[in-house]
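Shown next, in structure tokens, is the structure this report addresses.
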Amino acid sequence: MAEILDGLKVSKEIKAEIKVEVEKILESKKRAPHLVAILVGNNGASKAYVNSKVKDCEEVGFRSTLVKFPSTVSESELLEKIDELNKSKSVDGFIVQLPLPDQIDQEKIILAIDPRKDVDGFHPENFGKMALEMDTFLPATPFGILTLLERYNIETKGKDCVIIGRSKIVGRPMSILMGRKDFPGNSTVTLTHSYTKDIEEYTKKADIVITALGDPHFLKGEMIKEGAVVVDVGITRVDDDSPKGYYLAGDVDFDSCAAKASWITPVPGGVGPMTRAMLMKNTIIAYKTSVYND
Ligand SMILES: Nc1nc2c(c(=O)[nH]1)N[C@@H](CN(C=O)c1ccc(C(=O)N[C@@H](CCC(=O)O)C(=O)O)cc1)CN2
């Protein structure tokens with residue numbers, strides 16, 4: 001039976017560490033780090049994620065600002081706000097919550113963000129630095145997974161790692177990071193996707209399987225090998241008759257995989273809270289490296 005990679009517990013530890021750092025900053029009479037989150041539209045999940053980011057800021061002692069736009073916002077209005085945030089001396093980092101409505105070109109928006117304030121690590125300059133093993137902001141979800149593996153001393157060196165899903169914010173950066181030379185990396189990585197002929201052929205041989213495809217209960221126990229490490233990034237809201245009206249489903253069929261795996265992340269309480277904690281980590285890095293704070 002697998003042991004749990006408890007993202008909720010580790011995220012609390014990381015936020016407590018950041019809080020201590022902020023207390024020291026405030027003791028030295030400096031201003032608190034400041035994160036701005038831009039939310040476009042009324043998507044329930046996006047609203048919940050952004051609100052939880054604001055709550056995390058309060059918890060660690062950051063200043064936070066939530067900027068809301070209606071779903072009808074134009075690209076130029078959004079670009080104007082980004083320009084203002086890029087120039088602001090009091091803003092250390094900001095994020096634009098994804099996904100964005102169809103009339104907005106997501107690439108244009110990401111390119112407009114000053115890479116020094118890109119605490120999501122989505123800007124091509126930061127993505128390139130990540131691939132070249134240079135210091136930069138790592139995208140929060142992959143950064144969270146690496147940190148979780150590191151804190152549980154999961155060996156990645158020389159292991160076969162299979163990633164399912166090649167999204168720009170999770171699967172693709174994760175595939176680069178797991179193959180990097182620094183710990184936890186040095187894995188032999190296979191990035192599988194919707195055109196992979198037989199995903200099971202790869203997952204059955206993998207020491208580490210990371211699922212990020214958004215397909216509830218996709219990975220079944222019979223698709224993994226005994227002792228595999230299983231990391232579930234998928235969080236899908238599935239309608240049900242509960243008071244909430246939905247339950248959260250991961251990409252992993254938890255019971256059948258937990259019966260065979262050595263370590264497994266739960267949903268909720270696994271990768272999600274780690275994503276939030278790593279955004280706080282990136283924000284304090286942005287604060288410390290800001291040209292406006294000496
Ligand atoms: N600008 C960004 N947009 C999006 C990102 C991102 O990193 N930057 N990632 C995802 C969503 N995401 C962060 O924004 C995110 C997803 C899940 C969680 C989380 O805490 N999940 C909980 C369950 C929460 C719930 O009840 O719904 C868990 O897994 O335990 C936090 C953040 C897409 N957009």
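The values are calculated or read from the model by the stated rules, or taken from the named source; none is laboratory data. Values in this document were obtained by computation on a predicted structure and should not be read as measured data. Methodologically, a virtual Cβ is constructed for each residue, glycine included, from the backbone with ideal geometry; neighbour enumeration extends over all protein chains shown. Areas reflect the complete protein model, heavy atoms only, side chains present, ligands, DNA and RNA absent. Shrake-Rupley method; radii C 1.70, N 1.55, O 1.52, S 1.80 Å.
So which residues in the range 111-156 are touching a residue at least 40 places away in the same chain (Cβ under 8 Å), among the β-branched types (V, I, T) and within 21 Å of Q97 (Cβ to Cβ), if there are any at all? Break it down stepwise before answering.
Initial filter on the range 111-156 (touching a residue at least 40 places away in the same chain (Cβ under 8 Å)): 116-117, 119-122, 127, 130-131, 133, 137-138, 140-141, 143-145, 147-149, 151-152, 154, 156.
Now restrict to residues that are among the β-branched types (V, I, T): 119, 141, 145, 147, 154, 156.
Those that are touching a residue at least 40 places away in the same chain (Cβ under 8 Å), among the β-branched types (V, I, T) and within 21 Å of Q97 (Cβ to Cβ): V119, T141, I145.
Which of the following residues is part of a helix (DSSP H, G or I) and either β-branched (V, I, T) or farther than 28 Å from D232 by Cα (or both): I95, I38, I14? Reasoning before the result, please.
Working: I95 fails: part of a helix (DSSP H, G or I); I38 fails: part of a helix (DSSP H, G or I).
Matching residue, one of I95, I38, I14: I14.
Looking at the range 286-293, is at least one residue assigned by the TED database to the domain that holds I164 and surrounded by 15 or more Cβ atoms within 10 Å (Cβ to Cβ)?
Going through the range 286-293, the residues assigned by the TED database to the domain that holds I164 turn out to be none.
Checked against the condition, which is being assigned by the TED database to the domain that holds I164 and surrounded by 15 or more Cβ atoms within 10 Å (Cβ to Cβ), the range 286-293 yields no hits at all.
Can you name the condition, by its number, that E107 falls short on among (1) on the phi < 0 side of the Ramachandran plot; (2) in contact with a helix residue (DSSP H, G or I) (Cβ under 8 Å, 6 or more places away or on another chain); (3) within 15 Å of the ligand (Cβ to nearest atom)?
Among (1) on the phi < 0 side of the Ramachandran plot; (2) in contact with a helix residue (DSSP H, G or I) (Cβ under 8 Å, 6 or more places away or on another chain); (3) within 15 Å of the ligand (Cβ to nearest atom), the lone unmet condition for E107 is (2).
Taking only pairs six or more apart or across chains, which ones have beta-carbon atoms under 8 Å, a first residue in the range 184-199 that is assigned by the TED database to the domain that holds D215 and within 13 Å of D160 (Cα to Cα), and a second residue that is among the small types (G, A, S) and outside any loop (DSSP other than H, G, I, E, B)?
G185/G179; N186/G179; S187/G179; T188/G179; V189/S175; V189/G179; L191/G171; L191/S175
If you go through the range 268-294, how many residues are of a type in the set (G, A, S), away from the ligand (no atom under 14 Å from the Cβ) and in a helix (DSSP H, G or I)? Full working, then the answer.
First pass over the range 268-294, keeping only residues of a type in the set (G, A, S): 269-270, 272, 277, 286, 290.
Imposing the further condition that a residue be away from the ligand (no atom under 14 Å from the Cβ) reduces the set to 286, 290.
Those still in the list that are in a helix (DSSP H, G or I) too: 286.
Residues meeting the conditions: 1.
Examine the range 68-82 for a residue that is under 26 Å from N293 (Cβ atoms), open to solvent by 20 Å² or more (accessible area, probe 1.4 Å) and β-branched (V, I, T), and state whether such a residue exists.
No, there is no match, as no residue in the range 68-82 is under 26 Å from N293 (Cβ atoms), open to solvent by 20 Å² or more (accessible area, probe 1.4 Å) and β-branched (V, I, T).
Give the residues of the range 80-97 that are within 16 Å of the ligand (Cβ to nearest atom) and farther than 22 Å from T136 by Cα, sorted by residue number.
K81
Assess whether I224 counts as being under 21 Å from S194 (Cβ atoms), touching a Lys or Arg at 6+ places or on another chain (Cβ under 7 Å), more than 10 Å from the ligand (Cβ to nearest atom) and of a type outside the set (F, W, Y). Working first, answer last.
Numbers: under 21 Å from S194 (Cβ atoms): yes; touching a Lys or Arg at 6+ places or on another chain (Cβ under 7 Å): yes; more than 10 Å from the ligand (Cβ to nearest atom): yes; of a type outside the set (F, W, Y): yes.
It is true that I224 is under 21 Å from S194 (Cβ atoms), touching a Lys or Arg at 6+ places or on another chain (Cβ under 7 Å), more than 10 Å from the ligand (Cβ to nearest atom) and of a type outside the set (F, W, Y).
Filtering the range 49-70 down to residues that are of a type outside the set (D, E, K, R) and over 18 Å from R31 (Cα atoms), which residue is farthest from the ligand (Cβ to nearest atom)?
Out of the qualifying residues, it is P70.
Can you pull out every residue in the range 250-267 that is within 11 Å of the ligand (Cβ to nearest atom) and either in the same structural domain as I95 (by the TED database) or free of Cβ contacts under 8 Å to residues at least 60 places away in the same chain (or both)?
First, the residues of the range 250-267 that are within 11 Å of the ligand (Cβ to nearest atom): 250, 265-267.
Matches in the range 250-267: G250, V267.
With the checklist (1) under 22 Å from D56 (Cβ atoms); (2) open to solvent by less than 10 Å² (accessible area, probe 1.4 Å); (3) more than 18 Å from the chain's Cα centre (by Cα) in hand, flag the one item N126 doesn't pass.
Going through (1) under 22 Å from D56 (Cβ atoms); (2) open to solvent by less than 10 Å² (accessible area, probe 1.4 Å); (3) more than 18 Å from the chain's Cα centre (by Cα) one by one, N126 breaks only (3).
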